[in-house]
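The values are calculated or read from the model by the stated rules, or taken from the named source; none is laboratory data. Keep in mind that this is a model prediction, so the values were computed, not measured. Here the Cβ positions follow ideal geometry from the backbone for every residue, glycine too, while neighbour counts run over all protein chains shown. We work out accessible area using only protein heavy atoms, side chains counted, and drop any ligands, DNA or RNA first. Shrake-Rupley method; radii C 1.70, N 1.55, O 1.52, S 1.80 Å.
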Amino acid sequence: MLFEEHITYLSVLEDGRAVRRSVAELFDAERFPRISIASFVASPDYLFKRLGAFTHLRMVLGEEENAQSFTALDSDGEIALIRSIPDESIKERIISQAWQFRAMPPKCHLHSKIYLLEGEGVAKVMVGSANLSRSAFEGKQFEELLVFTDPQVVTHYQERFETIWQTGVEWLTPASIKRLKKVELHAAESHIQSVEESVVVADQVRVGQMEGGVVITPEFHAEVFQGKVEHLRRNHEGLDEKTAELEGSSAQTLELQQQIKRQSELLSQITKKQKGQTVLKSPQEIGRIKEALLQTLSITNKKSEAFMELRPNLVWSRSASDFYLQHGEQLLPYITPPIDTEKLSEQLGRMERFIRSYSRFTNAKNRENEKKIFEAILITFASPLMWMLRGVLSEERGRE
């Protein structure tokens, strides 16, 4: 088309009327200097760029990955946020608690997108689908935003936000705020002997000094890590849950690696190079490799044996008298819920009665039938390990 019709990606409905509003008009810090936000996810860079003029800010994040980055042992998440602080003014607002951040606690989720703006005698609330990100408010992404100035609606969302806020947990702890005071946001005059002596994040690194960057020393990293350890110490009852969470994340990562590997292999099989470009093979060419495609789709063929190496093995440690998940040379604890011995005894008793009644009324004392029943029961018990048996067979036969 010579003239492309203008598309409105961010649809704004204000008090029941469709209007056009710029991002600056939506987030008018001069008229509404205080803002409260509940968002599933938020971009730190976009937050500081677009909301830097607000004197007071309260934000609750819902995305688990963002929330966990500040309770995990890895200090990179916290330091990344510090790195994105653009100036001393915002840094001081965070230190003084004029700007506050919270996240949802474990097993509690937030998917709301609420923007509550308040000023002297005025207030409005914006709700919809848009997270606080550049792609949502300024990108080619279809989003809906409802703006209300009606006092009753505003009051409803003020109460709603307070409920969410009280449910949240501190994102930046007092210890984190204390550390933030030590950070030099603009270290143009900070001299060091060598880059190796410090962990440096800077826009430009010159001989002997940093320009326009943030200097993070190893001691600072150590303090952040110690703070994470102390957080776990105060919440030690969640250590088993944390271990299980990491184990689950590891399994998900392995599964994702397998999916990517398989998709890559499939793509390489159905495409070819033609005049320097990647194109799809013809239906006839694809038909000739049908068997190879089926083997790839089965995952456990010879060409995909790396998949089996990625999967954890359940191993028994004689020294510890316990099961472990083996990832290469690394052993991770195999977390299982505690066994209720009385309940297990009851279930085994039911199984025994079932076998006896089956033997008495059905198989007419046929020993072969009785053995088949026992085999079925044993297979049920062994089902968690069936993937290991399939792995052995796939190595022998090349496919499932």
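Of note:
- Proximity of backbone amide H atoms, modeled 1.01 Å from N, is registered between W99 and L57, I94 at under 5 Å, excluding neighbours fewer than 5 places apart on the same chain.
- Percent accessible area from carbon and sulfur atoms, the range 117-175, protein chains only, probe 1.4 Å: 52
- Among R356, R160, the order of accessible area from largest down is R356, R160, computed with a 1.4 Å probe on protein heavy atoms.
- Using a probe of 1.4 Å on the protein chains alone, the accessible area found for K178 is around 140 Å².
- Close amide H pairs (under 5 Å, H built 1.01 Å from N) link T271 with K281, residues at least 5 positions away or on another chain.
- Local electrostatic count, V279, Cβ distance below 9 Å [Lys/Arg +1, Asp/Glu -1]: +4
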